[in-house]
Every structure is written in C-alpha cells, then in structure tokens.
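*Asks:* Dumping the structure here so I can ask a few things about it.
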Amino acid sequence: MNLVLVEAPEVSPESSVTLTGNRAQHVRQVLRVVPGDTIRIGIVDGPAGTGVVRSLDESSVTLGCDFAGETPPRPRVDLLLAVPRPKVLNRLWAQLAAMGVGRIILTNAEKVERPYFDTHVLAEAHYRPLLIEGLQQARDTRLPVVSIHRRFRVLVEDELAALSDARVRLVADPSGRGSIRDAAQETPPAARVLAAIGPEGGWNTFELSLLNAHGFTTVGLGERTLRSDTACLALLALIHDALRR
C-alpha cells in the first residue's frame, strides 16, 4: 500500500481522517508509525496529499491531512474486455487499476459463457475495493469507470462512441501484424487510446470484422497465444510505454 486512499465522506471539515480496519492495520504494523509521522494519503477520484499521525490505538489511526495537490488526470487508456472467467477477472481488477485505465468496458462475445455475467465478481460492491487496492499500489486516485454490456454488436455500433472518445482504437488478436508501439505513438498529444481484448478463445470472424469496421486496428503480441489476463497486462504496458515515449 504505497498510498492510503479514503472516500471523500471520510474526511472531516477539519481535514482529519480516522482509519480503521485493514488500512489502520497496515499503517500501524507495516509502516509502524508513531504520532507525528507523515504518510501519503489521497481521496478516491480526488487529490493526494499527506497525513500526519495525531493518535493511534489498537483499532484506529487518526490523521491530520493536507490535500494540497490537484486531482490527477484520468489515465489515457480505456479497455474493452470480453468478460473472462470469474476467477481470472477477480485477479485482474486490482492489476488493471494499478496499470492505469480510465474506463473498463466489459462485453459479451461468442466464446464468453453466459454464466459469467451472473457472477458476484461483476458486482460493484465486490470489484470496487479491488480497484482501490490497485490504485493504492500505483499511487493513483482515479478510479476506473466500469460498465457492463451484454450485447456486443449494440455496444460497438451504438454505445462505444459515448463511452470512450479515444482517437486510436486497437484490437489485440493473434492474427494481428500491426505494431502496438507504432499505433499508440501516432496518438495525438493528450488523446486517448481504446484497447480491445477478446475472450480466452479469441474474437470470432464477425466480432473482429465489426471492430475493424468501427475504427479498430488489429495488432498482435507476437506468435504466442496468451491468456486474456496476461494479454491485458502486456498490452497495457506496451501502450503506456508508447504514450510515454
């Protein structure tokens, strides 16, 4: 936990915060703070700053906070992801937030099994703490926006433009010969990138053709066929590196 995150309602009008539960335990046992020590703290979807330990006991830590910084910009990469197996998605939530995505758009595909949409892993009460865990690892405060779309064609044809204003759209597929780095580096300054990752069995011909028809460039990650969680992290790392360059 490299940045302790709190929700806005937890901050008092006097800018004090009382941590309990896992956060207090981490601050006491891992950071080993004493009164007067300073830690990094931030507000979810707000600014980051510092917190000075005022008091602590076995169950809580009270901080006096200074949130003087600005709210960081939302990461420039959005992710369109065919819903993976629940245990895979459960592993991905925190990692996606840590890697940096502005929006996570979950959708259907021919090779996505119907029960995947009924799993508790897609409930906000389940995934939100995992996203926050990833943000705390990466020292970010901007929570990815999550939306779920059962109808792939309707999403691509009618809804996607309103969800992501990305100037560059990339779809990963083993058939892709395009360079991720070259495509991402063509992004205008401050513009966004939308990356699409298919299910474990890959996009079918119709799905890939529909994405191509709506501005997606097919790119590849080499000759090896990767699992969707590995492909997600590899693709995001390459895109962020290209944008940084």
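*Asks:* Would you mind getting the accessible area per residue of segment 100-245, heavy atoms of the protein chains only, 1.4 Å probe, in Å²?
*Replies:* I get 50 Å² per residue for segment 100-245.
*Asks:* Now for a separate question. Send over the semi-axes of segment 202-245's equivalent ellipsoid, whole angstrom and largest first, taken as the square roots of 5 times the C-alpha gyration tensor eigenvalues.
*Replies:* 21, 15, 8
*Asks:* Using a 1.4 Å probe on the protein chains only, how many percent of the accessible area of segment 169-245 belongs to carbon and sulfur?
*Replies:* Percent of accessible area from carbon and sulfur atoms in segment 169-245: 50.
*Asks:* Shape verdict for segment 88-191, please, from the Cα gyration tensor: rounded (a/c under 1.5), prolate (a/b greater than b/c) or oblate.
*Replies:* It comes out oblate by the Cα gyration axes.
*Asks:* Over all Cα pairs of the chain, how is the pair count split among 5 Å bins, expressed in % and running from 0 up to the last occupied bin?
*Replies:* So the P(r) values, bin by bin, are 1, 6, 13, 16, 16, 14, 10, 8, 7, 5, 2, 1, 0.
*Asks:* Of the candidates 73, 47, 115, which one comes out as most mobile in a Gaussian network treatment of the chain with C-alpha springs shorter than 10 Å?
*Replies:* Result: 115 has the largest fluctuation of those listed.
*Asks:* Can I ask one more? Post the alpha-carbon centroid distance, segment 83-147 to segment 27-46, in whole angstrom.
*Replies:* What the calculation gives is 26 Å, centre to centre.
*Asks:* Here's another thing I want to ask about it. Using a 1.4 Å probe, how large is the accessible area of residue 120, given in Å² and rounded to the nearest 10?
*Replies:* Using a 1.4 Å probe on the heavy atoms, I get roughly 120 Å².
*Asks:* Using only Cα atoms, locate the centre of segment 151-169 and the centre of segment 200-224, then give the distance between them in Å, rounded to an integer.
*Replies:* 15
*Asks:* Next question, about the same structure. Based on alpha-carbon atoms only, what is the radius of gyration of segment 35-141 relative to the globular estimate 2.2 N^0.38 Å?
*Replies:* For segment 35-141, the normalised Cα radius of gyration comes out at 1.34.
*Asks:* Something else: Write down the percent of antiparallel bridges among all DSSP beta bridges whose residues are both part of the chain, to the nearest 5.
*Replies:* 35
*Asks:* Tell me the carbon and sulfur percent of the accessible area for segment 1-75, rounded to whole percent, probe radius 1.4 Å.
*Replies:* 49
*Asks:* Please check which bits of segment 8-24 a label hung off residue 57 would reach, taking the label as a point 7 Å along Cα-to-C-beta and the cut-off as backbone N under 17 Å.
*Replies:* Of the residues in segment 8-24, 17-22, 24 have backbone N under 17 Å from the label point off residue 57.
*Asks:* Same structure, new question: Put one equal scatterer on each alpha carbon of segment 118-245, apply the Debye formula with no solvent term, and list log10 I(q)/I(0) at q = 0.22 1/Å to two decimals.
*Replies:* Log10 I(q)/I(0), no solvent term: -1.55.
*Asks:* Classify segment 107-161: rounded, prolate or oblate, from the alpha-carbon gyration tensor (a ≥ b ≥ c, eigenvalue square roots; a/c under 1.5 rounded; otherwise prolate if a/b is larger than b/c)?
*Replies:* Taking the square roots of the gyration eigenvalues as a ≥ b ≥ c, segment 107-161 is oblate.
The values are calculated or read from the model by the stated rules, or taken from the named source; none is laboratory data. Since the model is a prediction, treat every value here as computed from it, not as a measurement. Reconstructed Cβ throughout: ideal geometry from the backbone, glycine too, with neighbour counts over all protein chains shown. What goes into the accessible areas is simple: the full protein's heavy atoms, side chains included, and nothing from ligands, DNA or RNA. Shrake-Rupley method; radii C 1.70, N 1.55, O 1.52, S 1.80 Å.
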